[in-house]
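Worksheet: the structure to be examined is printed underneath.
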Amino acid sequence: LLLRPLRPVRAQAGARRRAGYRLVAADRPFLVLTGANFLNALSYSALSVLFPLFIVQWLHGPAALSGTAFTVNTVLCAVAGMFVAGRVRGAGARRTRSAALGGMLFATSFAGLALLGTVRPDGDLPITAALIVLVVVYTLGELVHSPSAEVLAVAAAPERARGRYMAAYQLSWSLAKALSPSLFTGLLAVDGRVPWLFLIATSAVAAGLLIRVERRLPVESVVVARGPRTVREPVAVTS
């Protein structure tokens, strides 16, 4: 009797249908959240796709600067990632607003890159110095945006359909990665500053969408829960 195989408990057909992709498609606040993430995901693709093309083709700088940008970004993510995420969480900012702040930091770095593309300084040294500063701002936006946006998406998805919700959410990343090479190269062919102006607009729209949808998302997904403070008992000193 103990060795008899147990029959798996099957969910009811109605429950499966209710937890399908139709539920995701009907959840407009989550779709807005996913759309905002798609716009911000384009910013993430800029480092690997647009930076090298911009440096070599528009600024006529050395190709090695692309490696410098990657190195600065990687080192900052490894060294400061936990610190920045902890500071954002400790500040008690709403996840929608901290994610929007990250998007605006992206926009700030893109504005600087558009200005750099306008000035187009002579010599590798000024290009390198300006690029490093702007990559630092870009990476700070990444460190502020990423933790808040990911936790926000997971918390906003209902538990019974979380897998479907996250699958739909991850499509925003995949779609941005698929479209960004042709999109950025096409815009760069028009003018070296156009891609950055486009990314400024997408980052600003994404930030606006996050702020606008804030009230329609579950409160527990937006507000950062703070744990209770531990009160230390006084220790008696004996002589």
Whether any residue in the stretch 116-135 is more than 23 Å from Val75 (Cβ to Cβ), part of a helix (DSSP H, G or I) and without any contact (Cβ under 8 Å) to a residue 12 or more places away in the chain is what I want to check. yes
Can you tell me which residue within the stretch 136-179, out of those that are among the small types (Gly, Ala, Ser) and over 15 Å from the mean Cα position of the chain (by Cα), is surrounded by the most Cβ atoms within 10 Å (Cβ to Cβ)? Ala156
Looking at the stretch 215-224 only, could you name the residues that are closer than 17 Å to Ser146 by Cα and in a helix (DSSP H, G or I)? Ser221, Val222
Output the residues belonging to the stretch 177-200 that are of a type in the set (S, T, N, Q) and over 17 Å from His60 (Cα atoms). Ser180, Ser182
Being within 20 Å of the chain's Cα centre (by Cα) and buried (at least 22 other Cβ atoms within 10 Å of the Cβ), is that true of even one residue in the stretch 114-132? no
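Only the coordinates and a few stated rules stand behind these numbers; no lab work does. Here the structure is a predicted model, which means the values were calculated and not measured. For neighbour counting, all protein chains shown are included, and Cβ atoms are generated from backbone atoms with ideal geometry for every residue, glycine included.
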